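Structure first, then comments.
The values are calculated or read from the model by the stated rules, or taken from the named source; none is laboratory data. Just so you know, these numbers come straight off a predicted model, no measurement behind them. Counting neighbours? That spans all protein chains shown, and the Cβs are built from the backbone with ideal geometry, glycine included.
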Amino acid sequence: MGVCFMDTLRFLRQRALHLIPVLLGITLIVFFMLRLIPGDPARLMLGIRASPEQVAELRTALGLDKPIWTQYMLFLGDLVQGDLGISLKARRPVLAVAFEKVPVTLMLVGYSALLSLVVTVPLATLAALRRNSLIDQVIRGFFTFTLAMPGFWLGLILLILFAVQNQWFPIGGFGRTLPDRLWHLFLPALTITLSLAPQLIRNMRSGVIDVLKAPYIEFARAKGLSEGLILRRHILRNALISAVTILGLNIGYLLGGSVVIETVFTLPGLGSLMVSSIFARDYPMVQGITLTFGVLVIAVNLITDLTYAFLDPRVTYD
């Protein structure tokens, strides 16, 4: 029967209340990230060549000369107003710089998630339907091999094979039009997919095998339904629930993996901005990006919970 609109709204309100402590915890981590660095944060930001006057000026600008809990309350107050400070490298508001990079990272993560499902669903279903056959062994063996590969090394191999030697894909960049961007993002998304797909395939393969043993599958066959209809309506729909769960739980991995992958493929996203900000000692920007990643993970987990209702009509949000 599905989930009605009012139930969904009630669920969203309840989750919003539950997320408040989580968001506060994220702000604590982000806030103390700068304060727990050994030494004077202002000195670390400016470098050893900075004069004492410059260090004192930066400490005052960052509020580091105030008591720690006063600093935190000021940080929360600025955060509520959308003020994450000024980037020491770009000399612009952190939030403005981060928002310019968010679309690139979100597109990469969404592309990777979609590509993972495109690869996972047919291969996991085929492996389950041909259980313990040569096809099943080849599929599981190949993705076990890709799981063991470090993401940056796999990205470099794909880059050398398909961008440098054969020139099928661009070496880096983001493109301008949507087709061009999908072309530029294919190799980075494929790199993330080959690291994520093994978990999804293993989980969904087990899910399909369990569904095949369920009594309602035999009942559907007794009713005279075709195998294709049973596969689409009963087997895949039920097996996808566990795959969506694993994919949602791994969104944090996708976002974390984007830091390395964006650097390898020189994509102008949050990940490459994080790396360049760390090397530039731009700690306000690092704080802002970390907070942005945390909020994105929470949002994706919420979307994952809502997706269950569309896959399984028995799910309710009371």
Of all residues being farther than 16 Å from Pro93 by Cα and among the polar types (S, T, N, Q) in the stretch 253-294, which is nearest to the chain's Cα centre (by Cα)? Just the residue, please.
Ser258
Limited to the stretch 84-95, what total is found for residues that are surrounded by 14 or more Cβ atoms within 10 Å (Cβ to Cβ) and without any contact (Cβ under 8 Å) to a residue 60 or more places away in the chain?
1
By residue number, the members of the stretch 208-236 that are modelled with pLDDT of 70 or more and basic (Lys, Arg) are Lys213, Arg221, Lys223
Grab the helices (runs of 4 or more DSSP H) fully contained in the stretch 197-306, keeping just those with 3 or more residues being surrounded by 15 or more Cβ atoms within 10 Å (Cβ to Cβ) and in the same structural domain as Ala113 (by TED's automatic domain parsing).
237-249, 251-264, 270-279
One residue is enough: does the stretch 76-85 have a residue meeting the conditions modelled with pLDDT of 80 or more, touching a helix residue (DSSP H, G or I) at 6+ places or on another chain (Cβ under 9 Å) and in a helix (DSSP H, G or I)?
yes
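Return the only residue of Arg131, Arg181 being in contact (Cβ under 8 Å) with a residue 60 or more places away in the chain, outside any helix (DSSP H, G or I) and of a type in the set (D, E, K, R). Write out each step before concluding.
Details: Arg181 fails: outside any helix (DSSP H, G or I).
Arg131 is the lone residue from the list that is in contact (Cβ under 8 Å) with a residue 60 or more places away in the chain, outside any helix (DSSP H, G or I) and of a type in the set (D, E, K, R).
For the stretch 137-184, which residues satisfy the criterion of being basic (Lys, Arg) and surrounded by 13 or more Cβ atoms within 10 Å (Cβ to Cβ)?
Of the stretch 137-184, the ones basic (Lys, Arg) are 140, 176, 181.
Listed by number, the residues that qualify are Arg140, Arg181.
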